[in-house]
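For reference, the structure discussed in these notes is given below.
Nothing in this text is a laboratory measurement; each read-out follows from the coordinates by a stated rule. This structure is a prediction, so every number in the text was calculated from the model and none was measured. Glycine also receives a Cβ, built like all others from the backbone with ideal geometry; neighbour counts cover every protein chain displayed.
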Amino acid sequence: MNTQDYMKLEDSYGANNYHPLDVVIEKGEGIWVWDVEGNKYLDFLSAYSALNQGHCHPKIYQAMMEQAKKLTLTSRAFRNDQLGGFYKILSKISALPKVLPMNSGAEAVETALKAARKWAYKIKGVDAGKAEIIVCANNFHGRTVTIVSASTEDQYKDGFGPFTPGFKIIPYGDLNALNNSITANTAAFLLEPIQGEGGIIIPPDGFLKEAEAICRENNVLLIMDEIQTGLGRTGKMFAFQHEAVKPDGIIVGKALSGGYYPISAFLSTEEVMSVFNPGDHGSTFGGNPLAAAIGKSALNVILEEKLPENAFELGNYFMDRLRTIKSSHIKEVRGRGLLIGVELYPEAGGARRFCEMLQKKGLLAKETHHNIIRFAPPLVINKDEIDWAFERIAEVLNA
């Protein structure tokens with residue numbers, strides 16, 4: 001079968017809920033992937049930052065295979081010998097003492113929402129059914145009905161109502177709006193420290209730190225969605241660390257498994273996690289021994305190979321190079337670490353056509369919000385490979 005055969009097969013039986021580039025990948029190693037025709041590409045998306053450790057990292061593979069031969073699933077009806085160690089390393093890197101494991105990022109966000117609401121009722125003393133959670137416009141936290149209820153993207157909501165109440169939406173980066181939105185019923189402020197799907201939007205300097213102070217003053221939980229920005233992507237283990245913030249909760253996923261398995265978690269304080277009793281919340285697969293073994297290995301790779309430090313160094317280098325491109329198409333280059341957006345002027349005709357041109361030159365990237373190209377290679381990339389990518393990006397953007 002060739003590329004067209006695979007595309008036809010997928011389109012015949014699959015729902016039309018994605019618009020992928022017309023490349024059919026069959027193999028990956030490190031930063032590189034190969035399609036079914038044998039063509040080689042540099043992966044500059046990393047499965048939306050799920051592959052910070054690169055494709056098929058051998059250490060994570062070894063951990064997965066060793067555990068898969070012994071035990072894969074017990075459900076949480078029984079304990080297993082892998083979960084405690086997974087909790088310990090997550091707690092150590094996050095400085096938060098408690099972990100609640102799930103599978104997908106959206107499940108971890110739902111967990112955080114439930115924790116915040118129950119904390120508001122059981123600890124803060126909010127009247128039953130009145131808890132509110134503040135979110136930011138242009139956010140992306142997932143696609144469940146409750147999560148899209150907090151979205152400002154019309155497409156994510158079209159045809160999926162009725163929606164879950166209890167959310168207030170403020171402009172991203174607006175401290176006055178945050179202050180003015182807080183009431184006695186406010187449980188939490190949930191935000192991405194950098195809005196990834198929203199277009200690599202970075203808040204004003206000091207916003208996260210000031211938001212933390214406002215939350216402390218008003219007994220409101222500060223919860224950071226680090227599913228895409230966390231685990232080294234922005235040049236720190238977590239993006240909120242660029243402002244030395246200490247959140248009450250962190251949501252992680254994606255690179256938590258290095259791409260081998262769906263693993264996510266909500267990390268929080270003793271007080272917040274104390275609201276959960278047996279039976280309140282759970283997941284058959286969440287915290288299974290295979291996931292825990294993979295997660296431990298994936299986190300150890302990030303630490304041992306100093307991937308946050310590599311993202312910091314090469315991210316700055318890459319952005320500096322991108323800003324030398326004198327293209328009439330480019331409105332702005334912005335980012336942090338190796339999470340970079342190149343925003344194009346509307347007259348450029350959309351970002352997708354540039355991604356299609358890059359594909360022809362051996363580099364895979366993807367558009368977001370129509371006119372922004374997102375660059376997010378695996379964090380194992382080196383300087384020579386950045387230069388290789390830059391030559392092709394410059395050529396396309398100057399075309």
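For the reader, a short list of remarks on this structure follows.
- Rounded to whole Hz, the Karplus (6.51, -1.76, 1.60) HN-Hα couplings of the range 353-359, x for glycine and proline: 5, 6, 5, 5, 5, 5, 4
- Ranked by how many other beta carbons lie within 10 Å on average, peptides 242-255, 218-231 from highest: 218-231, 242-255
- Contact order normalised by residue count of the range 82-221, Cα under 8 Å, 6+ apart, percent: 23 percent
- Toward the positive end of the charge dipole of the chain, with +1 on the Cβ of Lys and Arg and -1 on the Cβ of Asp and Glu, the farthest Cα among Trp32, Leu100, Phe189 is that of Leu100.
- Taking the range 109-137 and a reference point 7 angstrom along Cα→Cβ of Ala184, the backbone N atoms nearer than 15 Å belong to 121, 124-132.
- Working note: Karplus 6.51/-1.76/1.60 with θ = phi - 60° gives the range 390-399 the couplings 4, 4, 6, 5, 4, 5, 5, 6, 8, 5 Hz, where Gly and Pro are set to x.
- Where chymotrypsin sites (Phe, Trp or Tyr not before Pro) in DSSP loops with at most 16 other Cβ within 10 Å are excluded, longest remaining stretch of the chain: 164-399
- The antiparallel fraction among DSSP beta bridges confined to the range 58-304 stands at about 40%.
- Cβ-based net charge around Lys59, under 12 Å, with every Lys or Arg adding one and every Asp or Glu removing one: -2
- Across the range 58-304, C-alpha contacts under 8 Å between residues 6 or more apart give a mean separation that, scaled by the residue count, equals a relative contact order of 33 percent.
- Rounded to the nearest whole Hz, the Karplus-based 3J(HN,Hα) values (6.51 cos²θ - 1.76 cosθ + 1.60, θ = phi - 60°) of the range 16-21 follow the sequence 8, 10, 9, 10, x, 5, with x at glycine and proline.
- At R0 = 35 Å, FRET efficiency that the Cβ-Cβ distance of Lys59 and Tyr18 yields, to 0.05: 0.70
- One compactness figure for the chain is 0.99, namely its Cα radius of gyration divided by 2.2 N^0.38 Å.
- Evaluated with a Cβ-only charge set (Lys, Arg +1; Asp, Glu -1), the range 58-304 carries a dipole of roughly 900 debye about its Cα centre, given to the nearest 20.
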